[in-house]
Each structure stands twice: as structure tokens, then as C-alpha cells.
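J.: Below is one structure. I have some questions about it.
The values are calculated or read from the model by the stated rules, or taken from the named source; none is laboratory data. What you see is a predicted model, and the numbers here were worked out from it, not measured in a lab. Methodologically, a virtual Cβ is constructed for each residue, glycine included, from the backbone with ideal geometry; neighbour enumeration extends over all protein chains shown.
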Amino acid sequence: MSPSARWSLLAVPAALLLGFIYLWPSLGLFRTAFNETSATGAMIEALSLKVWRELMADSFTYELTLNSLWLSVTATVIALCIAYPISLFLFRTESRFRGLLAVMAIMPMLVSGVVRIFGWLTILGDQGMVNSAARWLGLISTPMHLLFNWTGVTIGLAESILPYMILALLAGFGRLDRALEEASRSLGAPPWRTFLRVTLPLSLPAIVLAAGLGFVLSMSAYITPKLLGGGRVFVLATEIFEHATTNANWPMASAMALYTLALMLGFLALANVLSRRLAQ
Amino acid sequence: MAYLELGGLAKRYRDAVAVADVTLAVEKGESVALLGPSGCGKTTTLRMLAGLIVPDSGRINVNGADITDVPAHKRNMGYVFQSYALFPHMNVEKNVAFGLEERGVAANERKERVATALDKVRLNELAHRRPRELSGGQQQRVALARALVIRPSVLLLDESLSNLDAKLRQTMRREIRDLQRSLAITTLFVTHDQVEALAMCDRIAVMNRGRIEQVGTPADVYERPATRFVASFVGSVNVLPADRDASGGLIVWGAPIPGAKSFASGDTDVFVRPQRMRLVAPSEPVAPETPHLKGKVEQNIFIGDQVETIVSGPGGQVTVQSLSGGAMPCAGAEVKVVWKPEDTLVFPREAS
């Protein structure tokens with residue numbers, strides 16, 4: 001056996017696990033999407049495109065798609081604006097607390113999503129920290145509605161994808177070399193010009209990669225839109241769950257899940273191509 | 001007043017002194033090497049000059065103007081980085097044009113100056129290549145063109161040749177030197193390679209532990225080293241611990257060293273360069289004023305055009321370097337090692 005073949009044996013346990021918990025159910029999903037649902041709600045074994053036709057004919061599907069896209073894009077952009085400076089700082093700092101700071105930045109990943117949402121409820125609620133502070137400062141007289149609407153979901157989602165984006169940015173900053181920025185300065189570019197002409201272009205691949213990840217995570221997020229949306233925010237992920245549980249329409253849930261998956265894969269592939277082109 | 005003046009520059013980090021006190025004057029058009037071992041503060045000094053590091057104290061003057069507090073982008077220094085630091089997302093032409101664009105030079109003049117600069121380093125044909133498509137030597141030349149095209153007041157080179165192979169380094173050394181001379185550009189360059197320093201500059205500043213130990217022409221520094229450190233860092237040297245006789249004369253391996261006096265207090269070492277030593281037969285008469293040691297040949301080491309002969313005697317070993325091709329005494333042969341009295345260097349022994 002060649003050395004590289006021997007090394008690849010190390011991937012076998014992971015491959016088996018993934019095959020079992022991911023590939024197998026996905027295939028099941030794929031199969032279910034071509035079943036039919038009877039009038040009573042029972043699933044009928046079939047090989048038809050009936051649910052697909054229903055899905056594609058329903059204008060609500062497109063509304064959900066636009067909702068999901070809009071939410072994902074805004075959450076990603078907001079998270080990116082926050083994650084970029086943090087990552088740049090973490091990437092560069094020579095502080096001995098660098099490790100600690102990095103752990104702090106990605107700490108939210110270690111907390112359950114549900115717990116984090118309850119955190120947001122106390123911060124964004126009508127009597128929450130934001131409204132109390134704004135009222136105390138005399139900025140507002142009636143509370144701002146920051147919960148159970150798009151605002152709340154966007155804020156919560158942006159926060160939940162933040163640590164992932166910081167990690168992706170840090171991993172993508174490979175070509176960012178301090179000497180390049182120093183070269184730019186020595187050639188006469190003031191700091192802001194250096195940022196625009198050197199730092200930003202060289203971190204574009206990282207930005208695209210992180211944005212792709214943030215986007216996919218936002219598209220598939222369920223807990224945040226569900227809990228912070230208060231039943232008023234409809235996106236693909238919540239609707240899939242709705243179909244699978246409340247409506248017990250598994251073929252429809254499967255078809256919608258596959259549709260979402262295809263959408264995300266498409267965007268991810270696009271981000272990948274873009275990132276690779278920018279890296280050249 | 002010299003064109004470039006560094007006065008009492010110092011920089012310390014939390015627990016270490018990088019530069020203790022550097023004072024240096026460089027004339028316009030002169031090329032000066034900062035030579036020293038790693039960690040001696042030479043790169044820190046260069047970076048302070050470029051404005052990339054803020055000194056704790058001291059002043060920097062260029063052409064009579066104090067630029068100590070001027071930010072890097074307003075200093076007009078051409079800095080060539082050890083890693084070249086070419087912008088990977090720009091082609092050669094854009095890299096070279098960068099500094100001119102930042103200075104708001106008009107498009108047609110810019111184009112002309114970039115072309116001239118690329119011409120000087122013989123890279124016109126590669127103007128549209130990306131840096132990663134170039135060899136190390138070509139990248140080095142782009143970095144040089146990029147630094148020179150802005151017509152800097154001082155050219156700063158940071159170990160710029162250390163990433164090249166030996167042969168290319170030799171070519172680039174001459175190329176940079178010729179360019180520096182023809183443009184008459186004031187140049188300061190940092191190196192740990194004494195050959196590079198000797199070959200590329202008008203004067204050398206030898207640095208050690210954050211200070212300049214000696215400034216002088218290459219010949220000065222080599223022939224008349226001011227300190228023990230300079231003597232042993234620039235060129236190779238035999239260090240011979242010496243005893244003192246009653247009248248203050250020095251004794252090495254039991255033999256008096258004519259013309260050499262010990263220091264008033266403390267122990268003394270005699271330094272002699274291997275190239276300045278000669279081997280003669282033990283029977284050959286030696287003038288009384290010629291220093292000589294008796295010893296036995298341990299081995300001959302052939303290093304191309306030179307042969308190093310290790311001679312051992314009662315007080316240790318010395319290395320004698322001679323041109324290869326002549327008859328050499330075999331291992332085990334008794335020999336005399338002689339040198340001219342003026343080649344004897346004397347330094348107090350280092351407290352260790």
C-alpha cells in the first residue's frame with residue numbers, strides 16, 4: 001500500500017460516521033421527496049413529481065425564498081462588518097492575551113443556541129436592556145420593538161454566525177503580510193490608503209469565504225427565526241419544520257429541504273469560485 | 001552637517017534593549033552597511049529610519065530636517081524588505097507604479113518613470129507578470145525598482161540579498177552597488193554577511209548589542225578593528241591567550257611576541273588573522289622582530305583556492321591560511337608560524 005493510501009485510511013472512521021448520520025438520511029430525504037401525500041395526510045410510496053409541482057406552483061415558496069435570502073444577506077453583512085475588524089485585530093495582535101481573546105471571540109459557539117436566544121430576549125425585550133438604556137438616556141418614550149419581528153431575527157442571527165465568520169476570516173487571512181502594509185506605507189500611502197489598496201484586496205478571498213459560510217448558516221438557521229421571530233417571521237427553514245411536524249407532510253418537507261439545499265450549494269459554489277479567482 | 005544623521009537612537013521592548021544608542025552620520029551619495037549578528041539592533045535601526053518603528057529617544061535628520069516625528073508615508077525613504085514584500089495582487093508594473101500613484105504623479109510621467117526604473121533593473125519584458133511568476137532574483141529587482149522609482153532621499157536595504165543563492169547574490173551585489181553609485185543615492189543597508197558589507201559599501205558600521213562599535217572603511221574595520229568584537233566578527237581570526245613578562249611584554253606559547261605590549265591591568269589576548277600567518281621550516285632563521293610560534297601540523301584542510309593548516313602548540317591551536325597549489329608541510333611535521341609585527345592585534349581578554 002502506498003504511503004498516501006495508508007494515510008487516507010485515517011479518514012475511514014470519519015467517512016463511516018458521516019455516511020451513517022448524514023449521507024444515509026439525505027438519501028432518505030431524497031427518496032421521500034418523490035412520494036405523495038394522500039388527502040388524509042398519509043404518505044403514499046410513489047415515484048412522482050406531484051409535491052415538486054405543488055412546491056413550484058405555490059407563490060408562497062418564492063416569498064419564503066426571498067425572505068430567507070434577504071435575512072441571510074443582511075445578517076451576513078452585519079456579522080461581516082463586526083467580524084472583520086475583530087479578526088484583523090486577532091490576526092495581528094502580538095499581545096500575550098491573544099489566545100484568550102480569540103477564545104472569547106468564539107466562545108458563543110460553545111453556548112447552546114436556545115440559551116443565547118433567551119439572552120437576546122432579556123436584551124431586546126420591551127423592558128430589556130436596550131430599551132431601558134434608551135429610555136433612561138431620553139432617546140425614546142415608547143419602547144422600540146426589537147423582538148418577534150425581522151429586526152430581532154436579524155440581530156440574533158448575525159450574532160449567532162459571528163464566531164464562525166471570525167474563524168473563517170482568520171483562516172483566510174493567509175496572504176495578509178505585515179511587511180506588505182509596511183511596504184505600502186514606505187511608498188507613501190497613508191494608513192487608510194494602505195487599507196484600501198493592500199489590506200482589503202488581500203483579505204477579499206477571506207471575506208468571500210466567511211460570507212459564504214455565514215450565508216449558508218443563516219439560510220439553514222431554524223431556532224433563531226423561530227424563537228426570535230415569534231411566529232411572524234417565515235423563512236424556508238421554519239416552513240420545512242412546519243411541514244414535517246404540524247402538517248405531517250413529509251414529502252413536501254423533503255422537497256422543500258432539497259430545494260433549500262440546492263439553493264445553498266449553488267451560492268456556496270459561487271462563493272468558492274469567486275474566492276479562488278480573487279486569491280489569484 | 002552630514003546628509004543623514006542618527007543621534008542617540010534608542011529603542012527598548014518590554015524586557016530587552018533592541019537599540020541602546022546609535023549615532024551615525026552618512027554623507028550624501030554614500031553607502032553605509034550596518035553589519036552585526038542577529039539581534040544586534042541593526043534591523044530595528046533601519047526600521048526606525050523608515051518610520052516603521054517609533055524610537056524611544058534620539059533624533060533622525062535628513063538633509064538638515066528633523067524627521068523623527070514624521071510618519072512613514074511622508075518620509076520618502078525607499079525600503080527594500082528582506083522578503084521583498086511585493087504586492088501579490090498587482091503585476092510588476094503596478095507594483096513599481098504604486099509609490100508614484102500615491103504621490104499623485106501624472107499618468108504619462110508615471111508611465112515613463114516606471115519604464116525607466118524597470119529598464120534599469122532589466123525587467124521591461126516582465127512588466128505584466130505577477131510577482132509569484134518571477135524568480136527570487138527578479139523579485140528582488142522589482143523591489144529595488146519600486147523603491148528607487150520614487151527617488152527616495154535614502155535607500156534602505158534590509159538583508160535584501162539573504163534569500164538568494166550564493167551565485168545570484170554575487171551578481172545582485174554588484175548590480176545594486178553599480179546602481180547605487182550611478183544614481184549617487186544615499187544608501188543604508190543591513191546585513192549579517194561581512195562579505196556583502198565589505199563589497200557593497202563605502203563605510204561599515206559594526207553593531208553589537210544595540211551599539212555601533214566601529215565605523216570605518218572596509219579596510220579600516222578589517223585592518224584596524226577598534227574592539228575585540230569587531231576583530232572577531234569581521235573576518236576570521238586566531239585568538240591567542242597571552243602571558244605577561246616582567247617588562248609588560250607578551251608571551252604566547254612560551255615565546256615572546258616582539259613589539260606587543262600588554263594592557264596595564266587584566267589579561268590580554270593576541271589576535272592574528274589566519275591569512276596573515278605564514279608557515280616556515282623550523283630550521284629557517286627568523287629576524288628577532290618577527291613574531292613566531294613553534295608547533296606541529298595537525299592537518300591541512302583544502303578549501304578551493306586556499307588551504308587551512310591547523311597547527312598545534314603548547315598553548316592550543318592556530319589556523320594558518322595559505323594559497324593552495326604550493327608545497328604544504330605534511331601532518332605531524334614541525335613548523336614555525338610567523339607573521340609581521342604590524343599584524344599583531346592586542347585586546348583585553350573578555351570577562352566571561
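J.: Among the candidates B:VAL280, B:VAL272, B:VAL335, single out the residue that is surrounded by 11 or more Cβ atoms within 10 Å (Cβ to Cβ), of a type in the set (A, V, I, L, M, F, W, C) and touching an Asp or Glu at 6+ places or on another chain (Cβ under 9 Å).
T.: B:VAL272
J.: Would you be able to say whether some residue in region B:303-318 is surrounded by fewer than 16 Cβ atoms within 10 Å (Cβ to Cβ), of a type outside the set (Lys, Arg), within 20 Å of B:PHE271 (Cα to Cα) and in contact (Cβ under 8 Å) with a residue 24 or more places away in the chain?
T.: Yes, the conditions are met somewhere in region B:303-318.
J.: A follow-up question, please. Hey, does region B:144-160 have a residue that's on the phi < 0 side of the Ramachandran plot, of a type in the set (Lys, Arg) and either over 20 Å from the mean Cα position of the chain (by Cα) or outside the structural domain of B:VAL80 (by TED's automatic domain parsing) (or both)? If you could, list the steps in order and put the result at the bottom.
T.: Narrowing region B:144-160 to residues on the phi < 0 side of the Ramachandran plot: B:144-150, B:152-158, B:160.
Then drop every residue that is not of a type in the set (Lys, Arg), which leaves B:146.
Going one step further and asking which of them are either over 20 Å from the mean Cα position of the chain (by Cα) or outside the structural domain of B:VAL80 (by TED's automatic domain parsing) (or both), we end up with B:146.
Yes, some residue in region B:144-160 is on the phi < 0 side of the Ramachandran plot, of a type in the set (Lys, Arg) and either over 20 Å from the mean Cα position of the chain (by Cα) or outside the structural domain of B:VAL80 (by TED's automatic domain parsing) (or both).
J.: Only helices (runs of 4 or more DSSP H) wholly contained in region A:35-121 count here; list those with 2 or more residues that are more than 22 Å from the chain's Cα centre (by Cα) and closer than 27 Å to A:LEU209 by Cβ. Please lay out each step first, then the result.
T.: On the way: elements: A:50-57, A:59-92, A:98-106.
Answer list for region A:35-121: A:59-92, A:98-106.
J.: Also: Just for region B:33-42: of the residues that are surrounded by fewer than 22 Cβ atoms within 10 Å (Cβ to Cβ) and in contact (Cβ under 8 Å) with a residue 60 or more places away in the chain, which one is farthest from the other protein chains (Cβ to nearest Cβ)? Steps first, please.
T.: The initial filter retains those residues of region B:33-42 that are surrounded by fewer than 22 Cβ atoms within 10 Å (Cβ to Cβ), namely B:37-39.
Subsequent filtering for residues that are in contact (Cβ under 8 Å) with a residue 60 or more places away in the chain retains B:37-38.
On the way: B:PRO37: 22, B:SER38: 17 Å.
Ranking the qualifying residues of region B:33-42, first place goes to B:PRO37.
J.: Looking only at residues in region B:77-89 that are within 25 Å of the chain's Cα centre (by Cα) and of a type outside the set (A, V, I, L, M, F, W, C), which one is surrounded by the most Cβ atoms within 10 Å (Cβ to Cβ)? Spell out how you get there, then give the answer.
T.: Step one: filter region B:77-89 for residues within 25 Å of the chain's Cα centre (by Cα), giving B:77-85.
Applying the additional criterion that residues be of a type outside the set (A, V, I, L, M, F, W, C) yields B:78-79, B:82-84.
On the way: B:GLY78: 26, B:TYR79: 29, B:GLN82: 16, B:SER83: 16, B:TYR84: 23.
Result: B:TYR79.
J.: Identify, from the list B:ALA219, B:ALA197, the residue that is small (Gly, Ala, Ser), in the same structural domain as B:THR44 (by TED's automatic domain parsing), at pLDDT 85 or above and buried (at least 17 other Cβ atoms within 10 Å of the Cβ). Before you say what the answer is, go through the steps one by one.
T.: Details: B:ALA219 fails: buried (at least 17 other Cβ atoms within 10 Å of the Cβ).
None of the others qualify; the one that does is B:ALA197.
J.: Could you list all residues from region B:316-352 that are touching a Phe, Trp or Tyr at 6+ places or on another chain (Cβ under 6 Å) and within 19 Å of B:THR290 (Cα to Cα)?
T.: Answer for region B:316-352, where residues must be touching a Phe, Trp or Tyr at 6+ places or on another chain (Cβ under 6 Å) and within 19 Å of B:THR290 (Cα to Cα): just B:LEU345.
J.: When the residues of region B:48-76 are filtered to those that are more than 20 Å from B:THR186 (Cβ to Cβ) and more than 14 Å from every other protein chain (Cβ to nearest Cβ), which remaining residue is surrounded by the fewest Cβ atoms within 10 Å (Cβ to Cβ)?
T.: Looking at the filtered set, the residue picked out is B:ASP69.
J.: Pull up region A:153-183, narrow it to residues that are touching a residue at least 60 places away in the same chain (Cβ under 8 Å) and within 14 Å of another protein chain (Cβ to nearest Cβ), then point me to the one that is farthest from the chain's Cα centre (by Cα).
T.: A:ARG178
J.: Additional query: From B:THR45, B:THR23, grab the single residue that is touching a Leu at 6+ places or on another chain (Cβ under 8 Å), more than 14 Å from chain A (Cβ to nearest Cβ) and surrounded by fewer than 20 Cβ atoms within 10 Å (Cβ to Cβ).
T.: Numbers: B:THR45 fails: surrounded by fewer than 20 Cβ atoms within 10 Å (Cβ to Cβ).
Matching residue, one of B:THR45, B:THR23: B:THR23.
Listed here are the residues, each with its yes/no results for (1) basic (Lys, Arg); (2) farther than 28 Å from B:GLY248 by Cβ; (3) not assigned by TED's automatic domain parsing to the domain that holds B:LYS261.
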{"site": "B:LEU293", "(1), (2), (3)": "no, no, no"}
{"site": "B:LYS296", "(1), (2), (3)": "yes, yes, no"}
{"site": "B:GLU308", "(1), (2), (3)": "no, yes, no"}
{"site": "B:VAL311", "(1), (2), (3)": "no, no, no"}
{"site": "B:PRO314", "(1), (2), (3)": "no, no, no"}
{"site": "B:GLY325", "(1), (2), (3)": "no, yes, no"}
{"site": "B:GLY332", "(1), (2), (3)": "no, yes, no"}
{"site": "B:GLU342", "(1), (2), (3)": "no, no, no"}
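So that you can scan it fast, the table gives a plain yes or no per residue for (1) within 22 Å of A:ILE161 (Cβ to Cβ); (2) at pLDDT 90 or above; (3) small (Gly, Ala, Ser):
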residue: A:GLU54; (1), (2), (3): no, yes, no
residue: A:TYR84; (1), (2), (3): yes, yes, no
residue: A:MET109; (1), (2), (3): yes, no, no
residue: A:GLY119; (1), (2), (3): yes, yes, yes
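J.: Would you point out which residue out of B:LEU46, B:LEU123, B:LEU118, B:LEU86 is of a type outside the set (Val, Ile, Thr), assigned by TED's automatic domain parsing to the domain that holds B:ALA20 and under 30 Å from B:THR23 (Cβ atoms)?
T.: B:LEU46
J.: Among what's in region A:123-152 and is free of Cβ contacts under 8 Å to residues at least 12 places away in the same chain and in a loop (DSSP other than H, G, I, E, B), pick the residue that is nearest to A:LEU236 (Cα to Cα).
T.: If we take residues in region A:123-152 being free of Cβ contacts under 8 Å to residues at least 12 places away in the same chain and in a loop (DSSP other than H, G, I, E, B), then A:THR142 is nearest to A:LEU236 (Cα to Cα).
J.: Also, I was wondering about something else. Among A:LEU278, A:LEU268, which is the only one that is under 22 Å from the mean Cα position of the chain (by Cα) and surrounded by fewer than 17 Cβ atoms within 10 Å (Cβ to Cβ)?
T.: Working: A:LEU278 fails: surrounded by fewer than 17 Cβ atoms within 10 Å (Cβ to Cβ).
A:LEU268 is the lone residue from the list that is under 22 Å from the mean Cα position of the chain (by Cα) and surrounded by fewer than 17 Cβ atoms within 10 Å (Cβ to Cβ).
J.: Can I ask one more? Which residues, counting only those in region A:245-259, are within 15 Å of A:SER38 (Cα to Cα) and out of contact with any Gly (no Cβ under 8 Å at 6 or more places or on another chain)?
T.: Within region A:245-259, the subset within 15 Å of A:SER38 (Cα to Cα) is A:247-253.
Passing the criteria: A:TRP250, A:PRO251, A:MET252, A:ALA253.
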